[in-house]
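Here is the structure we will look at, set down as C-alpha coordinates.
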Amino acid sequence: MKSMRHCIFHSSCLRLYPLRPRAFTLIEVLCVLAIIGVLAALLLPVLSRVRGQARRTSCVSQLRQIGLATEMYRQDWDELPPHLSRLNETSVRNAQLFVCPSDAERGQYTGNDYIEGKIYLSSGVSYEYFPQWELPRLAGLNWYQSPPNFGPGKWESLTPYVGCAWHWARAFDAGAPTHDSKANGWELILTLGGSVRKIRIEQRLLQFTPEQYG
Ligand SMILES: [Zn+2]
(Lines give C-alpha, C1' and ligand atoms only; values in the text may rest on other atoms or scores of the structure.)
Protein backbone atom coordinates (compact mmCIF):
# COMPACT_ATOMS: atom_id res chain seq x y z
CA MET A 1 0.00 0.00 0.00
CA LYS A 2 1.23 3.45 -0.91
CA SER A 3 2.31 5.46 2.12
CA MET A 4 0.70 8.88 2.54
CA ARG A 5 2.86 9.87 5.49
CA HIS A 6 4.64 12.70 3.68
CA CYS A 7 1.87 13.68 1.34
CA ILE A 8 1.06 17.37 1.61
CA PHE A 9 -0.85 17.75 -1.62
CA HIS A 10 -4.27 16.37 -0.81
CA SER A 11 -6.53 17.94 1.76
CA SER A 12 -7.77 14.50 2.67
CA CYS A 13 -4.21 13.44 3.46
CA LEU A 14 -3.70 16.50 5.64
CA ARG A 15 -6.80 15.63 7.55
CA LEU A 16 -5.50 12.15 8.15
CA TYR A 17 -1.92 13.12 8.82
CA PRO A 18 -1.81 16.78 9.94
CA LEU A 19 1.67 18.27 9.56
CA ARG A 20 3.09 19.44 12.84
CA PRO A 21 6.11 21.72 12.79
CA ARG A 22 8.97 20.10 14.58
CA ALA A 23 10.03 22.12 17.66
CA PHE A 24 13.59 23.53 17.77
CA THR A 25 15.87 21.96 20.30
CA LEU A 26 17.55 24.15 22.88
CA ILE A 27 20.94 23.68 21.19
CA GLU A 28 19.55 24.86 17.85
CA VAL A 29 18.02 27.97 19.44
CA LEU A 30 21.30 28.75 21.23
CA CYS A 31 23.24 28.32 17.97
CA VAL A 32 20.94 30.72 16.14
CA LEU A 33 21.18 33.28 18.97
CA ALA A 34 24.98 32.98 18.98
CA ILE A 35 25.16 33.52 15.21
CA ILE A 36 22.85 36.58 15.46
CA GLY A 37 25.04 37.93 18.27
CA VAL A 38 28.23 37.54 16.25
CA LEU A 39 26.66 39.18 13.18
CA ALA A 40 25.40 42.11 15.28
CA ALA A 41 28.82 42.55 16.88
CA LEU A 42 30.40 42.62 13.42
CA LEU A 43 27.84 44.96 11.86
CA LEU A 44 27.26 47.56 14.60
CA PRO A 45 30.71 49.20 14.39
CA VAL A 46 30.39 49.29 10.60
CA LEU A 47 26.96 50.94 10.89
CA SER A 48 28.17 53.52 13.38
CA ARG A 49 31.16 54.29 11.13
CA VAL A 50 28.84 54.72 8.16
CA ARG A 51 26.57 57.03 10.18
CA GLY A 52 29.58 59.06 11.34
CA GLN A 53 30.81 59.34 7.75
CA ALA A 54 27.34 60.46 6.61
CA ARG A 55 27.24 63.16 9.30
CA ARG A 56 30.70 64.33 8.26
CA THR A 57 29.60 64.49 4.61
CA SER A 58 26.58 66.64 5.53
CA CYS A 59 28.80 68.87 7.64
CA VAL A 60 31.13 69.44 4.66
CA SER A 61 28.10 70.18 2.46
CA GLN A 62 26.71 72.66 5.03
CA LEU A 63 30.07 74.42 5.27
CA ARG A 64 30.17 74.75 1.45
CA GLN A 65 26.64 76.23 1.44
CA ILE A 66 27.66 78.69 4.17
CA GLY A 67 30.59 79.59 1.90
CA LEU A 68 28.23 80.28 -1.02
CA ALA A 69 25.86 82.29 1.20
CA THR A 70 28.82 84.34 2.42
CA GLU A 71 29.87 85.07 -1.15
CA MET A 72 26.33 86.21 -2.02
CA TYR A 73 26.21 88.36 1.09
CA ARG A 74 29.52 89.99 0.24
CA GLN A 75 28.47 90.66 -3.38
CA ASP A 76 25.20 92.25 -2.25
CA TRP A 77 26.55 94.26 0.62
CA ASP A 78 30.15 94.66 -0.48
CA GLU A 79 31.29 93.84 2.99
CA LEU A 80 33.69 91.67 4.87
CA PRO A 81 32.30 88.29 5.87
CA PRO A 82 29.58 88.72 8.48
CA HIS A 83 29.16 86.60 11.53
CA LEU A 84 27.06 83.57 10.83
CA SER A 85 23.66 84.46 12.32
CA ARG A 86 23.66 87.56 10.10
CA LEU A 87 23.74 85.28 7.05
CA ASN A 88 20.50 83.78 8.31
CA GLU A 89 18.75 87.13 7.94
CA THR A 90 20.00 87.65 4.41
CA SER A 91 21.30 84.70 2.39
CA VAL A 92 20.25 81.51 4.18
CA ARG A 93 16.65 80.28 4.38
CA ASN A 94 17.15 77.17 6.49
CA ALA A 95 18.72 77.96 9.86
CA GLN A 96 19.53 74.26 10.32
CA LEU A 97 22.44 74.92 7.98
CA PHE A 98 24.30 76.34 10.96
CA VAL A 99 23.92 73.21 13.08
CA CYS A 100 26.43 70.42 12.46
CA PRO A 101 24.79 66.95 12.47
CA SER A 102 27.54 65.78 14.83
CA ASP A 103 26.85 68.57 17.32
CA ALA A 104 25.69 66.83 20.51
CA GLU A 105 24.36 70.18 21.79
CA ARG A 106 22.45 71.02 18.59
CA GLY A 107 24.02 74.45 18.19
CA GLN A 108 23.22 75.60 21.71
CA TYR A 109 26.80 75.62 23.03
CA THR A 110 28.06 79.07 24.02
CA GLY A 111 31.12 78.18 26.07
CA ASN A 112 33.62 79.43 23.49
CA ASP A 113 34.21 83.04 22.37
CA TYR A 114 34.23 81.93 18.73
CA ILE A 115 30.91 80.08 18.70
CA GLU A 116 27.68 82.09 18.67
CA GLY A 117 25.58 79.20 19.91
CA LYS A 118 22.03 80.36 20.63
CA ILE A 119 22.86 83.95 21.55
CA TYR A 120 21.59 85.55 18.34
CA LEU A 121 19.82 82.66 16.65
CA SER A 122 17.55 80.57 18.84
CA SER A 123 17.99 77.53 16.58
CA GLY A 124 21.70 77.75 17.33
CA VAL A 125 25.06 77.93 15.56
CA SER A 126 27.52 75.05 15.83
CA TYR A 127 30.29 76.56 13.79
CA GLU A 128 33.19 78.68 14.89
CA TYR A 129 33.76 82.03 13.25
CA PHE A 130 37.41 82.95 12.81
CA PRO A 131 37.99 86.28 11.06
CA GLN A 132 38.06 88.25 14.28
CA TRP A 133 40.59 85.97 15.80
CA GLU A 134 43.39 88.43 16.31
CA LEU A 135 42.66 92.09 15.67
CA PRO A 136 39.49 92.61 17.74
CA ARG A 137 41.18 91.24 20.81
CA LEU A 138 44.11 93.59 20.33
CA ALA A 139 41.70 96.46 19.60
CA GLY A 140 39.49 95.59 22.55
CA LEU A 141 36.56 94.66 20.32
CA ASN A 142 34.27 91.81 21.14
CA TRP A 143 33.74 88.83 18.87
CA TYR A 144 30.33 89.92 17.62
CA GLN A 145 31.50 93.31 16.42
CA SER A 146 32.54 94.01 12.86
CA PRO A 147 35.21 91.67 11.59
CA PRO A 148 38.60 93.23 11.00
CA ASN A 149 40.22 94.14 7.72
CA PHE A 150 42.20 91.33 6.26
CA GLY A 151 45.65 92.66 6.79
CA PRO A 152 48.98 90.97 7.39
CA GLY A 153 48.64 87.42 8.56
CA LYS A 154 45.48 86.77 6.53
CA TRP A 155 45.58 84.85 3.28
CA GLU A 156 42.78 86.06 1.04
CA SER A 157 40.80 83.08 -0.28
CA LEU A 158 42.76 80.65 1.91
CA THR A 159 41.94 82.49 5.13
CA PRO A 160 40.22 80.19 7.64
CA TYR A 161 36.70 81.57 7.91
CA VAL A 162 34.46 79.00 9.61
CA GLY A 163 35.39 75.81 11.44
CA CYS A 164 33.45 72.86 12.76
CA ALA A 165 34.46 72.38 16.37
CA TRP A 166 32.43 69.18 16.59
CA HIS A 167 35.03 67.15 14.82
CA TRP A 168 37.69 68.04 17.33
CA ALA A 169 39.61 65.12 18.75
CA ARG A 170 39.51 65.14 22.51
CA ALA A 171 43.10 63.94 22.55
CA PHE A 172 44.12 67.46 21.58
CA ASP A 173 41.53 69.36 23.60
CA ALA A 174 40.49 67.59 26.78
CA GLY A 175 38.06 70.42 27.52
CA ALA A 176 36.16 70.13 24.23
CA PRO A 177 32.46 69.56 24.94
CA THR A 178 32.31 66.68 22.50
CA HIS A 179 34.47 65.08 19.90
CA ASP A 180 34.51 62.78 16.93
CA SER A 181 36.64 59.75 17.66
CA LYS A 182 37.33 59.38 13.93
CA ALA A 183 38.58 62.97 13.54
CA ASN A 184 42.15 61.81 14.23
CA GLY A 185 43.24 65.32 15.14
CA TRP A 186 41.83 67.14 12.09
CA GLU A 187 39.29 69.94 12.13
CA LEU A 188 37.10 70.85 9.16
CA ILE A 189 37.59 74.44 7.99
CA LEU A 190 35.72 76.55 5.46
CA THR A 191 38.07 79.00 3.75
CA LEU A 192 37.10 82.49 2.66
CA GLY A 193 37.30 81.21 -0.94
CA GLY A 194 34.55 78.67 -0.21
CA SER A 195 36.58 75.44 -0.14
CA VAL A 196 36.46 73.02 2.79
CA ARG A 197 39.90 72.03 4.09
CA LYS A 198 41.29 70.39 7.18
CA ILE A 199 43.79 71.64 9.72
CA ARG A 200 45.54 69.80 12.51
CA ILE A 201 43.72 70.71 15.67
CA GLU A 202 46.89 70.72 17.77
CA GLN A 203 48.16 73.57 15.58
CA ARG A 204 47.44 76.90 17.27
CA LEU A 205 45.37 79.03 14.90
CA LEU A 206 47.40 82.14 15.63
CA GLN A 207 50.49 80.39 14.23
CA PHE A 208 48.65 78.87 11.29
CA THR A 209 49.70 79.33 7.67
CA PRO A 210 47.86 77.88 4.61
CA GLU A 211 50.72 75.46 3.89
CA GLN A 212 49.41 73.50 6.87
CA TYR A 213 46.07 72.70 5.26
CA GLY A 214 45.48 68.98 4.81
ZN1 LIG B 1 30.59 69.31 11.70
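Before moving on, here are some points about what is shown:
- Per-residue HN-Hα couplings for segment 62-71 [Karplus 6.51, -1.76, 1.60; θ = phi - 60°; Hz; x = Gly/Pro]: 5, 4, 4, 5, 5, x, 5, 4, 5, 5
- Solvent-accessible surface of protein heavy atoms, probed at 1.4 angstrom with all chains present, puts Leu43, Leu158 in the order Leu43, Leu158, largest first.
- Amide H contacts of Gln108 (H built 1.01 Å from N, under 5 Å, at least 5 apart or other chain): none
- Difference of contour (0.36 nm per residue) and Cα-Cα distance, Leu26 to Glu211: 60.2 nm
- Accessible area in the full protein assembly, largest first, 1.4 Å probe, for Glu105, Glu116, Glu211, Glu71: Glu211, Glu71, Glu105, Glu116
The values are calculated or read from the model by the stated rules, or taken from the named source; none is laboratory data. Remember, predicted model here, so these are calculated numbers, not experimental data. Accessible surface is based on the protein model in full, side chains and every heavy atom, while ligands, DNA and RNA are left aside. Shrake-Rupley method; radii C 1.70, N 1.55, O 1.52, S 1.80 Å.
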